[in-house]
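Step one of this worksheet: look at the structure below.
Please treat every number below as a calculation from the coordinates, not as lab data. Because the structure is a prediction, the values reported are computed rather than measured. Note: ideal-geometry Cβ built from the backbone for every residue, glycine included; neighbour counts use all protein chains shown.
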Amino acid sequence: MLKRIKSYIIIGIFLALGYFISSHHIILYKINNSLGFDLLEKSYLTLEYTFFNVTTKRPEDIMKIDLLRDAGIGDILVDIGKLTEGKRQELEAKFEYKDY
């Protein structure tokens with residue numbers, strides 16, 4: 001009986017981990033030679049862009065991605081100094097209302 005309960009607990013942990021991974025973006029970045037990460041909640045359950053490194057990508061290329069833009073990646077880019085607030089608003093408006 002105890003062995004069956006342990007297996008149910010392990011299955012539950014894996015299910016919870018799978019749900020967490022499919023419902024959050026994990027944004028990786030590097031500031032002043034130190035690594036950091038932030039979590040963004042996804043609009044819907046998916047495995048697309050679960051792990052995303054913004055260190056080597058241009059802000060314009062990042063903001064083109066609807067899933068990340070809708071989750072609020074612009075705020076993270078402003079916080080880490082990759083974008084200014086004005087440029088973030090400009091890029092959001094550009095990609096929100098235009099087919100590129």
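So what's the back-of-envelope 222 nm ellipticity for the chain, counting only DSSP H runs of four-plus at -39500 (n - 2.57) apiece and dividing by all residues, rounded to 500?
The helix-only estimate for the chain comes to -15500 deg cm²/dmol at 222 nm.
As a test, work out the antiparallel percent of DSSP beta bridges whose residues both lie in the chain, rounded to the nearest 5.
Expressed as a percentage, antiparallel bridges in the chain total about 75.
Would you mind putting 50-58, 73-81 in packing order, based on average other-beta-carbon counts within 10 Å, highest first?
Ranked from most to least packed, the peptides come out as 73-81, 50-58.
Which option, (1) 108; (2) 125; (3) 59, is the value of volume of the Cα convex hull per residue in Å³ that was calculated from these coordinates?
(1)
State, as an integer percentage, the relative contact order of region 35-100 based on alpha-carbon contacts under 8 Å between residues 6 or more apart.
30
Restricting to lysines 8 or more places apart or on different chains, can you count the pairs in the chain with Cα atoms under 13 Å from each other?
Here the count comes out as 5.
Fully extended, how many nm does the chain gain between GLU85 and LYS64 (0.36 nm per residue separation, minus their Cα-Cα distance)?
Net length gain for the segment: 5.9 nm.
Below 11 angstrom from the Cβ of LEU83, what's the summed charge of the other residues (Lys, Arg +1; Asp, Glu -1)?
Spelling it out: positives minus negatives among the neighbours equals -2.
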